[in-house]
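Read the figures in this text as sums done on the coordinates, not as results from a lab. Remember, predicted model here, so these are calculated numbers, not experimental data. So basically every Cβ, Gly included, is an ideal-geometry build from the backbone, and we count neighbours across all protein chains shown.
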Amino acid sequence: MKTFFLDEHGCSKNQVDAEILISRLQKLGMKKVLQPEDAELIVINTCGFIESAKKESLDALMDARAAYPNSKILFSGCLAERYAEMFATDLPEADAIFGNGDLTKIDDVIHALNNGERPIIKTPQEGVCCGERNELLNFPGSAYIKITEGCNNCCSFCAIPVIRGELRSRPVNEIVDEIKGLLKRGVFEFNLIGQDLAAYGRDGVKRGATGDSIFLEEPSPLKLLLKNISAIEGDFWVRLLYIHPDHFPKDILPVIKADHRILHYFDIPFQSGDNDVIRSMNRVGTAKGYSNLVKLLRSELAEPTSLCVRPKLGAAIRTTFLCGFPGETEEAAKNTQAFLQEIEPDWSGCFTYSLEEDTVAYTMPNPVPEAIANERAEKLRELQTKITTDRLKRHIGKEYRVLIEEIILAHSKDAIDDDGNELKVPDDKQSEEGLAIGRAWFQAPDVDGACVVRYALENPKEVAAIVPGKTVTVRVVAVSGVDLDTILLA
């Protein structure tokens, strides 16, 4: 096989795995193609976290097999890892089943496929499998940096410990070296990811019943990691994604305050604002404690430290809520609604509970009907939309540094190509105003709103400044849904 096509599903952690797979396949002499019909091998990198994600991955497999009967199909990722043994007999549509325990084994998979075999590979979850990533699947200028793998929190609804194993942390020097290498390649934004960044460096530690175990000891390993990242010279952003609220390491705040490159942005999955539901989720926090954490972050990180980086608005908070958890009463749902309105997160994702085997919640009594769970999730989304709009209005008139992701309209009626030849620009693509999409410090990739950047096409300086992967300074002029309308400042 000489060519492959990647069909990517799932979260940012899965994306990093996919990027590693791409590089390893290329090292084997294979070429990545943009269309599945051009590929001898179709790689479906799956998600197995919730029921809808499983269905999406399996549907992708069935569609690929029906459309490309002569291609080999490699079923990889979390779903393949979780059900490898079952798929070996029940999923003949896949020519190979490859888990995510050891991505280096992809070499063996390709060798077996080339020899006419049907490899089924599931390996123990050890260490954090990393490697070269010659192609990043983000927009230009941004990269995910996986600092941990697996999780020891054992939330009752979550199958991650089953899929990804127990917590393993990467060495500090390995993470720092990866960031330095990507900096040389022009990456500006580094999004630190893991199942729980707060647990970084706590390998082998199980959270105690009181929640006040070694996780609360200082200095936290995450603080030490951030200090080492802060010692790297250069112009870049660092963003922290997914920190468990029960053991948020508050000692990282002085490090963040001392380095404007570490963004005042926190992804903290509260999941519920009702104490009984929080306990049923096998969490030790309380709604009051979670609210106090938000207040602390916004008060401690309220002062700006440099132009176009942060306003006097405190930290930006993203969270998630899980609606319809077993035993969630109407009163509990209203408590979560009140909690959402109290903490006013900048962004949130509201999902309905998915019954997951191999979790404690799988056998819990008092399931919530799907229709009711959906209604509760929709109510939270409605409340969040209003909160997000109100918080975005605070940015109007302020100036920010924005990372450009893509140009969506950049042709005037008199456009010419690089050689000076006149271009025939379709009428629907003609404009005297250029439009680009970018993100400010309070907007994470893929999940939050964005900045729509307007610039003058007749101004060569402005046109030259709009480059995907580079930053520009903009002024916010209006709110448009969950996005900000901005103008480029020359």
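Would you mind calculating the gained length between Lys184 and Arg118 on full extension (0.36 nm times residue separation, minus the Cα-Cα distance), in nm to one decimal?
Working: separation 66, 0.36 × 66 = 23.76 nm, distance 4.02 nm.
Separation in residues times 0.36 nm, less the Cα-Cα distance, equals 19.7 nm.
On full extension of the chain, what length is gained from Lys393 through Lys295, given 0.36 nm per residue of separation minus the C-alpha to C-alpha distance? Write down the numbers at each step before the final one.
Details: separation 98, 0.36 × 98 = 35.28 nm, distance 1.99 nm.
Length gained, Lys393 through Lys295: 33.3 nm.
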Sorted by chain and then number, the residues having a modelled amide H within less than 5 Å of the amide H of Phe325, at least 5 places away or on another chain, are Tyr353
With the charge dipole of the chain built from beta-carbon charges (+1 for Lys and Arg, -1 for Asp and Glu) about the Cα centre, the Cα from Pro345, Gln271, Val463 projecting farthest to the positive end belongs to Pro345
The simple spin-label model distance between Asn173 and Glu85, using points 7 Å out along Cα→Cβ, in nm, is 4.0
Taking a straight Cα-to-Cα line shorter than 17 Å from Lys470, and setting aside same-chain lysines fewer than 8 residues away, one finds Lys184, Lys461
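Test of understanding: what is the full-extension gain from Asn228 to Lys461, defined as 0.36 nm times their sequence separation minus their Cα-Cα distance?
Details: separation 233, 0.36 × 233 = 83.88 nm, distance 3.70 nm.
This chain segment gains 80.2 nm when fully extended.
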Pseudo-spin-label distance Glu382 to Thr104, built 7 Å along Cα→Cβ, given in nm, is 5.5
Straight-line reach check, Lys295, cutoff 25 Å on alpha carbons, 8 or more apart in-chain or any other chain, hits among lysines -> Lys223, Lys227, Lys250, Lys257, Lys312, Lys334, Lys379, Lys386, Lys393, Lys398
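Take peptides 230-239, 469-478 and line them up by average Cβ neighbours within 10 Å, highest first, as a rough protection proxy.
On the way: 230-239: 14.8, 469-478: 18.4.
Highest to lowest by the protection proxy: 469-478, 230-239.
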Candidates for Rg/Rh (Cα atoms, Kirkwood Rh) are (1) 0.95; (2) 1.02; (3) 0.97, and the calculated one carries label (3)
If every Lys and Arg gets +1 and every Asp and Glu gets -1 at its Cβ, then about the Cα centre the chain yields a dipole, in debye to the nearest 20, of 1440
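Please label the shape of segment 235-372 as rounded, prolate or oblate, based on the square roots a ≥ b ≥ c of the eigenvalues of the alpha-carbon gyration tensor (a/c under 1.5 means rounded; beyond that, a/b larger than b/c means prolate, else oblate).
Details: a/c = 2.52, a/b = 2.25, b/c = 1.12.
Prolate.
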What helix-only [θ] at 222 nm does the chain give? Using -39500 (n - 2.57) per DSSP H run of at least 4, over all residues, to the nearest 500, the answer is -9500 deg cm²/dmol
Given backbone amide H placed at 1.01 Å from N, residues whose amide H is under 5 Å from that of Lys398, ignoring those fewer than 5 places away on the same chain, are Val476
Packing-ranked peptide list from 325-337, 284-296, highest mean Cβ count within 10 angstrom first, is 325-337, 284-296
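Cα-based count: Lys pairs in segment 3-121 below 18 Å, eight or more positions apart or different chains?
Here the count comes out as 5.
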Spelling it out for Asp259: with amide H atoms placed in the peptide plane at 1.01 Å from N, the residues 5 or more places away or on another chain with amide H under 5 Å from its amide H are none
Other residues with Cβ under 14 Å from the Cβ of Gln337 give, with Lys and Arg +1 and Asp and Glu -1, a net charge of -4
